[in-house]
Amino acid sequence: MSSTAGILADAFDVFLLDVDGVVRVGADILPGARAAVDRLRNLGKTIRFVTNDPRPRRSEVFGELAAEGMAGSPAEVCTVGWTTGKVLKRLAVRSALVLGTAGLLADIAAACPDLRVNDGGPYDVVVMGYADTITARQLDEAAGWIAQGARFLATNTDPSFPTQKGRALGTGAVVAALQAATGQRPVVVGKPSPPLFEEATRGLDPRARVVVIGDSPATDVAGAHRMGYAAVLVADQPPTFAVAEDPRRPEATIRSLEDLFRPGTLTPRPRLGFPWPEAILPGVAAVVFDAQGRVLLVQRRDTGQWGLPSGHVEAGETVAAAVVREVAEETGLAVDIDRLVGVYSDPPSQVFAYPSGPVVHFVTCCFACRVRGGALRPDERETTAVGFFEITRLPENLLPMHPRWLADALTTTPTVWVR
Ligand SMILES: [Mg+2]
């Protein structure tokens, strides 16, 4: 994918152009943007204007860009409010509390004509967008419905956005208020989450080389990489990152869209090879042998797989306390820590997607433990069976990494296996 001979634009077929900060700031089209878009069009490139701004209707953004000679058709414009309508339609919900502008409400109504919106409830889903008229009373109502089990959808989580006068309060700030009040994480429609990008590329040739061009490493660049797309950052200076794998590191940095037509070099990045983690948790696992040298295993209720007793560190808890607690909860046994077996981080095998929760990457401390007391019994919530197994006769469907932890526990040197 490295291109030294040609211009940068040659490396891609589909250009997902972030609107705010790349095409325009406020209402002002940035210098060179119109000429650059014309040139991409003349080269036969596919263009999509994507924006995380949840306030305007898609038709408004199209009208504004068309008036500036930028957008050629409404299909080229993909707003997060319009995408939210598509997402709600797929969820097949019947009622929604929507906090946002008239534009957001209109795009949702167009996508979901049968959806009851803001009619007093009860609500299947709370949609958090942004409007400068949102009140604490409305947030309180939204938090109440989420607490009662309504799904929680956020158009986007940008904490602020650029204006001619500097940065202004964004959706992410009010989403954070709802998260704080409810302890619930929303499903996010906009960048860096997939739905907006998925909608922007719907129907395009899957072999097309897609690039996201944006001004935010955290949303545009990381979101592109989460989708497997390339990313070009618009910034005065290339950002520096401590490690090459940082998902916020773009393949190239340009000062404006005009630079797409200059020779440039792309720094390719390795494929992730695992689902994008929404949370990273400190994990604990225990290797517990009985007097006969058999190892303690539990069968997990959610997947049916067998594994060592394991879980994660809760707030306010030490790592040592966490592993003792997990063994007690999952097996009924009281244990003492003998020694550290190893510290493990291997995203391809330690990123888990739970049906009802976030995608989590565990960084796990594994300990060898001795039984102090208690009696074996499965934990009703998490495990269906528990028992000691001969090392030579382990169940077949063991969780990934667990055989390695067990093997390392049979040696005496702590292992550090992190990547
Ligand atoms: Mg931007």
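Highest-first packing order for the peptide set 21-32, 382-393 is 21-32, 382-393, based on the mean count of other beta carbon atoms within 10 Å. Listed by chain and number, the lysines placed with their C-alpha closer than 25 angstrom to that of Lys89 are Lys191; residues fewer than eight positions away on the same chain are left out. Centroid-to-centroid, using Cα positions, segment 178-230 and segment 110-171 are 19 Å apart. For segment 279-412, the fraction of C-alpha pairs more than 18 angstrom apart is 50%.
The slack between Phe274 and Ala147, meaning 0.36 nm per residue of separation minus the straight C-alpha distance, is 42.6 nm.
Positive contributions from Lys and Arg (+1) and negative ones from Asp and Glu (-1), summed over other residues with Cβ under 11 Å from the Cβ of Thr83, come out at +3.
The antiparallel fraction among DSSP beta bridges confined to segment 81-188 stands at about 25%.
Within the shell defined by Cβ-Cβ distances under 10 Å, the residues around Pro56 carry a net charge of -1, with Lys and Arg each +1 and Asp and Glu each -1. Below 13 angstrom from the Cβ of Thr383, what's the summed charge of the other residues (Lys, Arg +1; Asp, Glu -1)? So the environment of Thr383 carries a net charge of -3.
Pairs of alpha carbons in segment 110-223 separated by more than 25 Å make up 33% of all such pairs.
Under 5 Å between amide hydrogens, built in the peptide plane, is the criterion, and for Val188 it picks out Ala154 among residues at least 5 positions away or on other chains. Convex hull volume per residue, computed on the Cα atoms of the chain, equals 173 Å³.
Annotation: amide H of Ile47 within the under-5 Å range of Phe15, sequence separation 5 or more or interchain, hydrogens built in the peptide plane. Using 0.36 nm per residue and subtracting the Cα-Cα separation, the extra length available between Ser349 and Leu410 on full extension is 19.8 nm. Within a straight-line Cα-Cα reach of under 13 Å, Lys165 can be paired with the following aspartates and glutamates, leaving aside sequence neighbours fewer than 8 residues apart in one chain: Asp28. As a proxy for reagent exposure, Tyr130, Tyr344, Tyr229 were ordered by neighbouring Cβ count within 10 angstrom, fewest first; the result is Tyr229, Tyr344, Tyr130. Sorting Thr157, Thr101 by the number of Cβ atoms found within 10 Å of their own Cβ, with the fewest placed first, yields Thr101, Thr157.
How would you rank Phe274, Phe352, going from fewest to most other Cβ atoms within 10 Å of each one's own Cβ? Write down the numbers at each step before the final one.
Values: Phe274 16, Phe352 20.
Arranged by neighbour count, lowest to highest, Phe274, Phe352 become Phe274, Phe352.
Inter-label distance, Val187 to Gln164: 3.9 nm, where each label sits 7 Å from its Cα along the C-beta direction.
Read the figures in this text as sums done on the coordinates, not as results from a lab. Please read all numbers here as calculations on a predicted model, not as lab measurements. Virtual Cβ from ideal backbone geometry, glycine too; neighbours counted across all protein chains shown.
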